[in-house]
Amino acid sequence: MENEQQVNQAKLLSPRRNTTEAVSIDELAQEQLAHFGIEPHSEYGKALFATAKHLYLAQLDVNRLWTITNETLDGLSKENKLAYFNAKKFLSFQIAKILDTLQNPFRATYQSMTQQSGSQVSKSHYPLFDNIPALFSATPVIVRTATYVYACTEWVDDAFHGKEFTHQIYSRLLNPTNISLANAIVDLEAGPYSADYLAWNFNSGMAAIDALLSNVLSHSDILIVSRNVYGGVYQLLHDYFARENRMNIHLEWFDGYSAEEFSDFIKQVKSKHKTSLKTQNLHVYLESPCNPHGYVLDVAGICEIAHRENHLVMLDATLATPILHQPLQQKDKSKRPDYVVHSYTKDICGTGATTAGVVIGEGFRMFQPKGSGVNGFDWSRTMFWDVYYIKGAFLDSEKAFDVLSGMKTLEQRIMNKVINTQVFSRFLEAHPLFNVNSHALPNHPNAALRKNQMRHGWPCALFTIDLEKAGLTREAFVRFFDALEPAFSHQVSIGQNNTIILCPALTSHSELSTAEQQKAGIHPTTMRIAMGTDNVKQLMAHLINSAKLHIDPCIANFSQQFMSLEEIDNLHMEICMQVCRQHYGSGPKMHGLVHQ
């Protein structure tokens, strides 16, 4: 009898993986022939037996390679890592070549069964092995299919129980392009801790947030929410989750940004809901940087406080992107949020052509095979089975590909936006009648947290300005605002290559009452600016000319109070040089790249 562990590893390839009685590799191969009705003593049977046996043995060898890799990877030199990678890459080509060699007899057999005769047209060609070359596409393959071919009964049974990842069932659940994007965002967000996290992609950022809240919240739970959340999230919470005839979630709005403020606030909330908390749970939902002002919260500090008493923390990090802030890479796990949400629609994709979203969380919270439990967390509570599997808010392959393509330029786009944000904020701040609510300004109340939280202390590309001090009539303000096109795009979105401007009171935050808008710092003349990668000098020139045309007739010499044109040129060059030094100066040194 062969080693039982080896047989257990090999039987994963068996069509009878769950019911096999084989105790050796030979018996597994014999059993496979019998399963498909192949005569073992025929020439075909002998060749198939030999092939199947080689595959079972190859499964053992590949498992051994995986074990050795796990045990030795951290201690390898750079040269050995390079050698091991390319050796494994070539193995992939060899395995694919074997599949490709199988294509011709496979197709010939199929064609012999489905002869075409006049108008009696049978099924079209069988595409399975035509897909082999796509394994080596230099970009992720767009898999445009709703369904997949079953291997065999026991494999698909395992697939429906979440125990066979290779065996796709339905693109509403899993799709190879979608999975490629999920892996990419986890690698980017979690870095060295990527193995601990999984992601599920959704067809919009709001679908992702709805799925997360639906998975985490139970009826009558208490939810602490940071004040400045996206208007759509406010509407979802206020008009659905908080309604008594829906989820009856008790919302508590946190107006602060620091860990100290949060510590005081959560104590007040727990005291207020002391009776309810005997049976219900308290969770925390943050948006940082937040909409519309771009303020950042002390995410690490707030997570640490919440986790001391086992409260889950959900973070919408859309505006940070993984370039400005990577909260899942905190060494101290207590300082990491339990879930991170991104709206891919914004900066990560960057084109403005795709709506998509993602939730990232620890693996055991996101998926487990049916019947299992990890860390006291049952499989039925995981996001996959509890929400993703049944709601159908999946991301299709074309959108997944769009986001993957956009991610390739994310770093360069964010650096450009950081430059534009700093230049434009300081340009406007110099004018006495503009109130600039941007933490890019050194003296802004949120600047200290921005320096502490964000990579290089870089600012979020979203901020607000207002003209409340100018005392403009509504008619004059509207004329000025409307004239900002085409340099500024009048669109209801953020995170694109073009710079977008809107009035939150009339658009993104119109669902809030006047009193709620005031609490959120939103006035009738508040303008939310989402900086793009445009030529910021052209933006400033257009704004100056718009002011000359529509504000100067109301306020004499308004346009004369901007920075001088020479000062603007000097400011732009100064910020460009500073950001480039920060970015390129923070890269690895050659010694570290060449040596271990």
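The values are calculated or read from the model by the stated rules, or taken from the named source; none is laboratory data. Fair warning: this is a prediction, and the values are worked out from it, not measured in the lab. For neighbour counting, all protein chains shown are included, and Cβ atoms are generated from backbone atoms with ideal geometry for every residue, glycine included. Quick note on the areas: whole protein, heavy atoms, side chains included, nothing else; ligands and nucleic acids left out. Shrake-Rupley method; radii C 1.70, N 1.55, O 1.52, S 1.80 Å.
Let me know the Rg and Dmax you get for the range 1-79 when you use only its Cα atoms, in Å.
Rg then Dmax for the range 1-79, in Å: 15.6, 51.
Grab the other residues whose beta carbon is less than 12 angstrom from that of Tyr339, score K and R as +1, D and E as -1, and report the net.
Local net charge: -2.
Write down the accessible area per residue of the chain in Å², having rolled a 1.4 Å probe over the full set of protein chains.
49 Å²
Want the number for Asn183 to Glu260: 0.36 nm per residue separation, take away the alpha-carbon distance, what's left?
Extra length available between Asn183 and Glu260 comes to 24.2 nm.
How big is the Cα convex hull of the range 324-450 in projection, averaged over all directions, in nm²?
Reported value for the Cα convex hull: 11.3 nm².
Please report, in whole Å³, the volume per residue of the convex hull around the C-alpha atoms of the range 23-120.
Per residue, the Cα convex hull of the range 23-120 comes to 151 Å³.
Can you work out the PRE-style zone for Ile390? Point 7 Å along Cα to Cβ, and I want the residues of the range 201-240 with backbone N under 20 Å.
Residues 201-203, 207-221, 240 qualify, since their backbone N sits under 20 Å from the label point.
Enumerate the residues in the range 532-551 having an amide nitrogen under 19 Å from the point lying 7 Å beyond the Cα of Glu574 toward its Cβ.
Answer for this model: 536-538, 540-541.
With a 1.4 Å probe and every protein chain kept in, tell me what percent of the accessible surface of the range 302-363 is carbon plus sulfur.
With neighbouring chains kept in place, the figure for the range 302-363 is 42 percent.
Could you name the lysines in cross-link range of Lys11, using Cα to Cα under 16 Å and dropping any fewer than eight places away on the same chain?
Within the straight-line cut-off, Lys11 pairs with Lys53, Lys163.
Taking only the alpha carbons of the range 227-305, what extent do you get along each of the three principal axes, in Å, biggest first?
Largest first, the range 227-305 extends 34, 27, 15 Å along its Cα principal axes.
On the principal axes of its Cα set, how long, how wide and how thick is the range 403-494? Give whole Å, largest value first.
44, 32, 17
Per the Kirkwood treatment, what hydrodynamic radius in Å, one decimal, follows for the range 537-596 from the mean inverse distance over all distinct Cα pairs?
14.7 Å
Simple spin-label model, 7 Å along Cα-to-Cβ: Ala96 to His490 in nm?
The modelled label-to-label distance comes out at 5.1 nm.
If I stretch the segment between Ile555 and Tyr240 completely, what's the gain in nm (0.36 nm per residue apart, minus their alpha carbon distance), one decimal?
Separation in residues times 0.36 nm, less the Cα-Cα distance, equals 108.9 nm.
Restricting things to alpha carbons, tell me how big the range 268-307 is in terms of Rg and Dmax, in Å.
So, for the range 268-307, Rg and Dmax equal 13.1, 37 Å respectively.
Report the Stokes-Einstein translational diffusion coefficient (µm² s⁻¹, integer) for the range 300-340, Rh taken as the Kirkwood radius over Cα pairs, at 10 °C with viscosity 1.306 mPa s.
154 µm²/s
Considering only the other residues whose Cβ falls under 14 Å of the Cβ of Ile249, what net charge follows from Lys and Arg at +1 and Asp and Glu at -1?
Charge balance in the 14 Å sphere: -3.
How much accessible surface does Ser405 have with a 1.4 Å probe, in Å² rounded to 10?
Accessible area, nearest 10 Å²: 50 Å².
Roll a 1.4 angstrom probe over the protein heavy atoms and tell me the percent of accessible area of the range 1-158 that is carbon or sulfur.
59 percent
Calculate the FRET efficiency for Ala353 and Arg581 from the Cβ-Cβ distance with a Förster distance of 35 Å, rounded to the nearest 0.05.
0.55
Please give the FRET efficiency for Ala195 paired with Asp130, using the beta carbon to beta carbon distance and R0 = 35 Å, rounded to the nearest 0.05.
Calculated value: 0.55.
In nm, to one decimal, how far is the modelled label at Ala87 from the one at Asn248, with both set 7 Å along Cα→Cβ?
The answer from the label model is 6.3 nm.
Just to be sure I understand the model, the point goes 7 Å from the Cα along the line to the Cβ. What's the resulting Val478 to Tyr44 distance in nm?
Going by the 7 Å Cα→Cβ label model, 7.9 nm.
Any chance you could get the radius of gyration and Dmax over the Cα atoms of the range 148-232, in Å?
Calculated on Cα positions, Rg and Dmax stand at 16.7, 52 Å.
Could you list, in their original order, any pairs among Lys331/Lys519; Lys331/Lys408; Lys274/Lys451; Lys272/Lys451 whose Cα atoms are separated by more than 32 Å?
Over 32 Å apart, Cα to Cα: Lys331/Lys519; Lys274/Lys451; Lys272/Lys451.
Which percent, nearest 5, of DSSP beta bridges in the chain are antiparallel?
60 percent
Amide H of Leu312 versus every other amide H placed in the peptide plane: which residues, excluding those fewer than 5 positions away on the same chain, fall under 5 Å?
The answer is Val284.
What longest range of the chain stays clear of loop-exposed GluC sites (Glu not before Pro) (DSSP non-H/G/I/E/B, at most 11 other C-beta within 10 angstrom)?
Answer from the scan: 310-596.
With a Cα-only, solvent-free Debye model of the range 145-304, what are the log10 I(q)/I(0) values at q = 0.14 Å⁻¹?
With one equal scatterer per Cα and no solvent, log10 I(q)/I(0) is -0.90.
Can you give me the convex hull volume of the Cα atoms of the chain, divided per residue and expressed in Å³?
209 Å³
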